[in-house]
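To start, the structure under review is shown below, and the notes come after it.
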Amino acid sequence: MSAYSELIKSFEKIRAYIRDFYLYGFKSREEYRVKSARSYDDERRRLESWLGDHMRFVRTPEGKNVFISIDSRTVKHNPLYNAWKAKSFTDGDITLHFILFDILYTPSVKRSVAELLEEIDGHYLSGFESPLVFDESTLRKKLKEYCEAGLLATVKEGRRIYYHRQEDTDLSALGDLLHYFSEVAPCGVIGSFLLDKEGVADSDTFSFKHHYITGSIDSGVLAALFSAMREKRAVSVSNTSPHKDLPRRLLLVPLRILISAQSGRQHLLAYLPSQNAFLSYRIDYLSSVKPEAAEPRFDALREELERLQRHAWGVNIKRSRQGARPLEHVEFTVRVEEGEKYIVKRLLREKRIGEVTQTDERTYRFSADVYDTGELIPWIRTFLCRIVRLHFSNRTVENRFKQDVEAMYALYGIGKEASE
Amino acid sequence: MIFSELYSAYYNTVAAILSHILAGERSERELQRLVTEHAFGESALSLLPALKSGRWQLVHPDMTTPLLHTPTMPLTTLQKQWLKAISLDPRVKLFGVSFPALEGVEPLFTAADYCVYDKYGDGDPFEDEEYIRQFRTVLSAIRQKAQISFEMCNRKGKSVRLRCRPLRLEYSEKDDKFRFITAGRRRGATVNLARIKDCALYTGNKHAPLAVREPVYDTLSVRITDERNAMERFMLHFAHFEKQAERIDGAHYLVHIRYDREDETELVIRILSFGPLVEVLGSERFRQLIIQRLKQQYACGIQ
């Protein structure tokens, strides 16, 4: 049994725990024991170490519940980024890392493998009682890894290959910019890595409202999907639906990431060749993204997606192998009293597609043709208190909307007075 | 690969420790401080012992190091690709900084690769010259802890000149707007950047009061009926608040959310969007706000 360490080898397991602790936080230790009590204790302890006071607990009759509670408006940096900075390594990895960059301390210094080995043994390790031993193959492997990461480069002189470091990049003027984009741009954790670098002044110039930080734990998946899109490639990916026990392995062509500023959810819009369909997938349900063959139809598929998106309110585009589904018509009318022009402004700024029309002195109508009426329902409900007319071509959704409003009246005892 | 030890807190901490040792600073207390500053809560238990014991052969027992140079590391390709992607964002112009040379680097993503599909349509004019100038003036004042003076329309639509000390810029992804939080203004402690005009650093000798509006927090308690995936949708939607959830039974949950009273109206609207699957239990005042809206709706009827 290996000893506990606050560092981890794989991100996938902790990703699931963070989601559970942060999003829900009502599960007791007993429920996690289905997996492993020790694993639960270790992951909880790691998160406590990484997140400090953001980890909370409460005692309930079911036991002790641990949860993550963060008001993202009051924190300077996304605390969940810490999880990305907890990768484990070997004693040899860290020792070799610092020695290599000490020898190759400037781009003009070039060394062959033999020269590096000699300096490592002769200068750096000889003063230790039991010096670590790095053989040629270990060193070559590390050099290759660093060349692939873009940290080192090689030059060939005669028959010999020499290694040197890449040019350094001056980030000293970018503190504020990095602070801002590390919180608002996709894969912002990479900006956080840059802020960690020596010489980059940290900034407390910005704070963030309506700031969803949960998506940051999916940055690995997001970066892999972006890489595939850049290379116009298909990917194979595991999709874990909460309604199914086992993840499904899918081959798909990633076309666009959709990010919600109102729920923090991130979706992948993709083409599924096996079904000749465009579908959306929750990014937080995806894992193990592997690049596959180049997709020659990538540009055409993206163009078609753009056409479909013109009638999408959210993430549902609904083009299956039978072709695009028929559009559904949605319209609702709201009453705007004197001094309530802000309601009209709300309609105009919050509508993503469709039209807003003034129908008489006091009423305004929103109308649109969409693939999925259901996606508009939460937004339409935000106008409750002034909706005077509703017309959906999808009668099932309209009836459900009206039933829900009746259920809300019942919940709060409204209308009873009138009926009594 | 994003998950790599190259970006780890441990590597950064060890780099900071080695820099200090090379600069002649070897006190235990200072090294402990570096661990606390750069690494995690429990790192002190493993990091310094690993260095001191010679497991990581970078520091001798006498706290000297065989290293000759302050540790530095170039940017990885991934870091450059992300920077390149950021350099293509129109909001970069706000900062007025020149980017490092990134020729030949492909961006990690472009505007065609992602879309924030539900942000509001009246976001700030990030590429407008006047807006950029005002953004930089406010940014500069925050850095210098200086005051600014600016014009804006008051509630009656009359243009007035105001003075304050901006403390920070707050960005809302949903509104796609910057506001600045100020000290020294009793009313309107938060000002929309796009609504001000003729903004300049204040050079007069009047001091700005330092009082900052302290948020007044309240707690909202709701009962969620977990149908149509309501529990997950709710917890995601309100993920950015401090909150606590507990299970009542197999299908119902109780959730408490701590919120700034200033955002109450917005919160009422957001709660309504969940329909009958979320019932407000408290505060009574908040519950009455929901009831008031539903009564108005009842009076409207829906045709």
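All of the numbers you see were taken from the coordinates with simple rules; none came from a lab. Values in this document were obtained by computation on a predicted structure and should not be read as measured data. When we count neighbours, we look across all protein chains shown, and the Cβ atoms used for this are built from the backbone with ideal geometry, even at glycine.
Values computed for the structure shown
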| quantity | calculated |
| --- | --- |
| Ranking of B:221, A:108 by count of other Cβ atoms within 10 Å, fewest first | A:108, B:221 |
| Summed residue charge, Cβ within 12 Å of residue B:1's Cβ, Lys/Arg positive, Asp/Glu negative | -2 |
| Cβ neighbours within 10 Å from other chains - mean over A:386-399 | 2 |
| Those aspartates and glutamates that a straight Cα-Cα span of less than 17 Å connects to residue A:232, excepting residues fewer than 8 apart in one chain | A:292, A:295, A:299, A:303, A:304, A:306, B:106, B:113 |
| Hz values of 3J(HN,Hα) by residue in segment B:192-206 - Karplus curve (6.51, -1.76, 1.60), Gly and Pro given as x | 5, 4, 6, 9, 9, 9, 6, 8, 8, 5, 7, 10, x, 10, 7 |
| Sorted by Cβ density within 10 Å, fewest first, the residues B:284, B:242 | B:284, B:242 |
| Nearby lysines by direct alpha-carbon distance to residue A:110 (threshold 22 angstrom, same-chain neighbours under 8 apart not counted) | A:141, A:142, A:144, A:156 |
| C-alpha long axis of helix B:284-300 to longest principal axis of chain B, angle in ° | 50 degrees |
| Qualifying aspartates and glutamates (Cα of each under 14 Å from Cα of residue B:93; at least 8 residues distant if same chain) | A:176, B:124, B:127, B:128, B:129, B:130 |
| Calculated from backbone phi, Karplus (6.51, -1.76, 1.60) coupling profile of segment B:73-81 in Hz, x at Gly/Pro | 9, x, 6, 7, 4, 4, 5, 5, 5 |
| Peptides A:330-336, B:78-84 ordered by average Cβ neighbours within 10 Å, highest first | B:78-84, A:330-336 |
| Rh by Kirkwood over Cα pairs, then Stokes-Einstein D for the protein assembly as shown at 0.890 mPa s and 25 °C, µm²/s | 86 µm²/s |
| The protein assembly as shown: calculated mean residue ellipticity at 222 nm from DSSP helix runs of at least 4, using -39500 (n - 2.57) | -9500 deg cm²/dmol |
| Which of A:279, B:47 has the fewest Cβ neighbours within 10 Å, and the rest in rising order | A:279, B:47 |
| Computed FRET value (nearest 0.05) for residue A:167 with residue A:251, which takes r as the C-beta separation and R₀ as 41 Å | 0.55 |
| Extended-chain gain in nm, criterion 0.36 nm per residue less alpha-carbon gap, residue B:30 and residue B:64 | 10.8 nm |
| Positive-pole candidate from B:209, B:98, B:265, dipole of chain B, charges at beta carbon | B:209 |
| Whole-Hz ³J(HN,Hα) from phi, Karplus 6.51 cos²θ - 1.76 cosθ + 1.60, for segment A:194-207, glycine and proline x | 5, 5, 6, 6, 4, x, 9, 6, 6, 10, 10, 6, 10, 10 |
| Peptide A:53-62, shielding by other chains (average Cβ, 10 Å cutoff) | 1 |
| Percent of Cα-Cα distances greater than 19 Å, calculated over segment A:91-165 | 28 percent |
| Relative contact order %, chain B, counting alpha carbon pairs below 8 Å whose residues are six or more apart | 10 percent |
| Student exercise, the protein assembly as shown dipole from Lys, Arg, Asp, Glu Cβ charges, in Debye to nearest 20 | 1760 debye |
| Over segment B:233-280, relative contact order from alpha-carbon pairs under 8 Å, at least 6 apart, % | 26 percent |
| Residue A:91-residue B:254 pseudo-label distance in nm [points 7 Å out on the Cα-to-Cβ vector] | 5.3 nm |
| Principal axes of segment A:328-419: Cα extent on each, largest first, Å | 36, 35, 19 |
| Relative counts (whole %) of C-alpha pair distances in chain A, using bins that are 20 Å wide | 18, 45, 29, 7, 1 |
| Label-reachable residues, segment B:187-225, where backbone N falls under 15 Å from a point 7 Å from residue B:281's Cα toward its Cβ | B:219-225 |
| Net charge contributed by nearby residues that have their C-beta within less than 15 Å of residue A:123 (K/R +1, D/E -1) | -4 |
| Relative contact order [Cα under 8 Å, 6+ residues apart], chain A, whole percent | 9 percent |
